[in-house]
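Rule-based calculations on the coordinates, nothing more; no lab input. Only a predicted model underlies this, so the values are computations on that prediction, with no experimental measurement involved. FYI the Cβ positions are ideal-geometry reconstructions off the backbone, even for glycines, and counts take in every protein chain you see.
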Amino acid sequence: MKGRFFIQTFGCQMNVHDSEYMAFLLEANGYRQTNNPKEANIILLNTCAVRQKAEEKVYSLLGRLKPLKKKRPEVIIGVTGCVAQKEGQRILERMPHVDLVLGTHQFYRIAEFIETVKRERQQVCCTEFNYQLEPPQRVIPLPRQSQVRAYVTIMQGCNNFCTYCIVPYVRGREISRKSQDVIEEVKRLLDMGIKEVILLGQNVNSYGKDRKGEISFAELLRRIDKLPGLKRLRFITSHPKDISEELIQAFGELESLCEYIHLPAQSGSDRILKLMNRKYTRSEYLRKIEALRKVRPNLAISTDLIVGFPGETEEDFKQTLSLLKEVEYDTIFAFKYSDRPPAKAVNFKGKIPEDVKKERLEELLEFQAPITQRKNQALEGKVVEVLLDTNSKRGNQLSGRTRCHRVVNVAAPKQLIGQIVQVKIEEALAHSLRGRIIN
Ligand code: SAH
Ligand code: SF4
Ligand code: F3S
């Protein structure tokens with residue numbers, strides 16, 4: 001064994017999966033993962049830049065690693081992910097005790113770069129974008145940490161340039177993996193006993209459009225759905241403007257495709273949606289939801305919302321509240337707008353004061369709470385299918401998810417991890433459900 005590494009992950013599922021991938025590569029190169037940074041020879045922060053707070057957190061964590069590096073100078077400190085991509089060399093200048101900065105198209109070279117740092121004993125930074133057709137980061141990375149569910153990247157990057165968003169700048173343009181590679185990877189995961197597959201991309205609905213002759217996203221779902229052993233299929237994230245008729249049909253037809261979709265609305269006001277460059281109106285968004293619910297009446301829907309976008313008036317904000325009322329989301333994720341240069345909205349007029357953003361965020365969350373609660377309570381007494389995946393925080397309990405993505409805790413022995421069971425829901429709590437296995 002060459003040493004131990006510790007990875008801390010921030011941000012979205014893509015980052016979670018990129019971390020799994022880096023861990024896999026480091027293990028394949030003779031390192032062992034540890035959950036204890038104190039015993040690590042390599043400390044990696046896989047970072048998120050989506051809001052300013054997230055970026056500040058990275059710098060403050062790095063600052064706190066300084067004494068450790070002083071005491072044990074041989075420890076390698078590396079920064080990967082979206083802050084690494086955004087800041088590059090600046091991290092090394094501001095934080096001279098950091099050894100390695102690797103961008104979002106380079107993380108698959110983690111093992112190679114660790115060796116470079118060891119050999120040359122100097123700071124290394126690589127944030128080049130790599131648009132070669134088949135860069136190695138899209139070669140099948142196995143195995144996964146969970147024995148039950150697995151992420152599979154189908155594309156990276158984003159071409160949408162919503163005016164608030166930094167992702168297209170830090171992840172680059174859309175590149176889809178070959179469908180054959182995706183399908184091959186899913187097959188191998190199913191052979192390993194994985195039951196649930198979550199397809200990943202910033203904008204999965206535009207899958208394949210950058211590749212001549214490639215199949216559509218809906219067709220990819222159809223082909224994966226047919227693979228023997230697959231129990232559940234999910235994807236994240238889809239842009240409302242790209243929800244196609246074909247995808248809506250897929251929700252009606254495919255058995256493994258779970259009754260859950262994350263469909264970020266961002267705002268309920270047409271004026272703000274336009275300023276955000278979201279390319280759909282409120283009524284177009286609502287029509288897509290209506291069409292989805294028509295083919296899957298029990299579809300659970302979650303969303304992302306931003307409050308305090310530049311120029312957002314009380315009236316615009318009320319429109320967002322009324323969208324919540326109209327859609328009745330199962331859950332929402334809400335954020336205060338944050339300036340992210342070089343995203344365009346940084347230069348927009350009418351910036352909203354922090355205290356107003358805070359008030360609106362609180363109001364939004366309070367508005368949604370009873371809706372979420374009501375939807376959870378509606379499940380009390382019902383029997384639902386749960387895929388058990390981990391030990392719960394409480395002893396002798398297992399935790400799992402319904403097809404509609406709700407967390408359910410049940411009393412069950414560890415041997416049931418990975419099993420699909422029927423659970424009668426006994427109680428709806430604020431963030432989870434509690435139930436009893438009935439089969
Ligand atoms: N690709 C995904 C979202 C990526 S970022 C999509 O298009 O839905 C996740 C969420 O962070 C976004 O949906 C948005 O709600 C929020 N977000 C992005 N940029 C932000 C900013 N500058 N300020 C506040 N929230 C932001
Ligand atoms: Fe950001 Fe918009 Fe792309 Fe999502 S679709 S990653 S919000 S630019
Ligand atoms: Fe954050 Fe990068 Fe994901 S900015 S949300 S980790 S794509």
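Each pair of Cα atoms in the range 383-437 enters the Kirkwood radius, and Stokes-Einstein at 4 °C and 1.567 mPa s then converts it into a translational diffusion coefficient of 122 µm²/s.
Bridge orientation summary for the chain: considering DSSP beta bridges with both residues in this region, about 35 percent are antiparallel. For a straight C-alpha distance cut-off of 16 angstrom, the lysines reachable from LYS351 (same-chain residues fewer than eight places away being disregarded) are LYS336. Given the options SER338, GLN373, VAL356, identify the residue whose Cα lies farthest towards the positive end of the charge dipole of the range 330-384 (+1 on Cβ of Lys, Arg; -1 on Cβ of Asp, Glu). The residue sitting farthest along the positive end of the dipole is SER338. Over all pairs of different C-alpha atoms, the range 171-321 has a mean inverse distance whose reciprocal, the Kirkwood radius, equals 16.7 Å. Under 5 Å between amide hydrogens, built in the peptide plane, is the criterion, and for LEU44 it picks out PHE6, ILE7, GLN8, GLY78 among residues at least 5 positions away or on other chains.
Note on VAL346 and ALA369: their simple-model spin labels are 3.6 nm apart, each label 7 Å out from Cα toward Cβ. Pairwise inverse Cα distances across the range 3-126, averaged and inverted, put the Kirkwood hydrodynamic radius at 14.1 Å. Annotation: aspartates and glutamates with alpha-carbon distance below 19 angstrom to LYS118 (same-chain offsets under eight excluded): GLU27, GLU39, GLU74, ASP99. Over all pairs of different C-alpha atoms in the chain, the reciprocal of the mean inverse distance, the Kirkwood hydrodynamic radius, equals 23.2 Å. Across the range 210-216, rounded Karplus estimates of 3J(HN,Hα) from the backbone phi angles (6.51 cos²θ - 1.76 cosθ + 1.60, θ = phi - 60°) give 8, 10, 4, x, 6, 6, 7 Hz, Gly and Pro being marked x. The alpha carbon centroids of the range 91-135 and the range 332-396 are separated by 34 Å.
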